[in-house]
Amino acid sequence: MGEIRVAVKITNAVDDELARTGRLAPDQVRTYQADAMVDTGAVRTVFPPHVVAQLGISIRGQRVAEYADGRTESVGITGPVIVDILGRDTLEEALVLGNEVLIGQTVLEKLDLLADCANRRLLPNPAHPDQPVSKVK
């Protein structure tokens, strides 16, 4: 199995809302393009501090992150962002740490994307190829 990487567009959700309501020019909405690593072992999405700064996202609190080696650390959690992968988008918050964008299970679930580890890619769920479907039961 290999590493899965995917193109991701991250948008400051507050900027996006202000632009949609006419209180900010659309060209002032802050976005960030990343070649992100998909981490199926991680629950949460992770942004490094430089991405958070470039997007102008607030840190709204702290969460405890547990690393693969069992260590824990209190890290920042962002305000809202929009994560767009393969033309599907969702509202999310992210842990602030590390040096690259990691996509965790919550985004994959909300976007109804499946990891094809053998071919090192993400795929829309074949049962819902045109749009994400969220389970509510």
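Spot the failing condition for Asp35; the list is (1) among the acidic types (Asp, Glu); (2) modelled with pLDDT of 95 or more; (3) exposed (fewer than 13 other Cβ atoms within 10 Å of the Cβ); (4) over 17 Å from Ile4 (Cβ atoms), and only one is missed.
Evaluating Asp35 over (1) among the acidic types (Asp, Glu); (2) modelled with pLDDT of 95 or more; (3) exposed (fewer than 13 other Cβ atoms within 10 Å of the Cβ); (4) over 17 Å from Ile4 (Cβ atoms) leaves (4) as the failure.
Restricting segment 110-134 to residues that are without any contact (Cβ under 8 Å) to a residue 24 or more places away in the chain and more than 23 Å from Gly2 (Cα to Cα), which is surrounded by the most Cβ atoms within 10 Å (Cβ to Cβ)?
His128
Evaluate the following for Gln54: is it touching a residue at least 12 places away in the same chain (Cβ under 8 Å), in contact with a Lys or Arg (Cβ under 8 Å, 6 or more places away or on another chain) and either farther than 22 Å from Glu109 by Cβ or not β-branched (Val, Ile, Thr) (or both)?
Yes: the conditions hold for Gln54.
For a quick check of your reading: which strands (runs of 3 or more DSSP E) sit entirely within segment 1-56 and have at least 1 residues that are within 30 Å of Leu123 (Cβ to Cβ) and of a type in the set (Asp, Glu)?
Qualifying strands (runs of 3 or more DSSP E): 31-38.
For segment 77-137, give me every one of the strands (runs of 3 or more DSSP E) that falls completely inside it and has 2 or more residues that are of a type outside the set (Lys, Arg) and farther than 19 Å from Val14 by Cβ.
Here the list reads 113-116, 121-124.
Within segment 62-74, how many residues turn out to be surrounded by fewer than 12 Cβ atoms within 10 Å (Cβ to Cβ) and part of a strand (DSSP E or B)?
Number of matching residues: 4.
Here is a list: Ile59, Ile77, Ile82. Which entry is touching a residue at least 24 places away in the same chain (Cβ under 8 Å), among the β-branched types (Val, Ile, Thr) and surrounded by 14 or more Cβ atoms within 10 Å (Cβ to Cβ)?
Answer to the check: Ile82.
The values are calculated or read from the model by the stated rules, or taken from the named source; none is laboratory data. Nothing here was measured: the structure is a model prediction, and the numbers come from that model. Every residue, glycine as well, gets a Cβ built from its backbone with ideal geometry; the counts of neighbours run over all protein chains shown.
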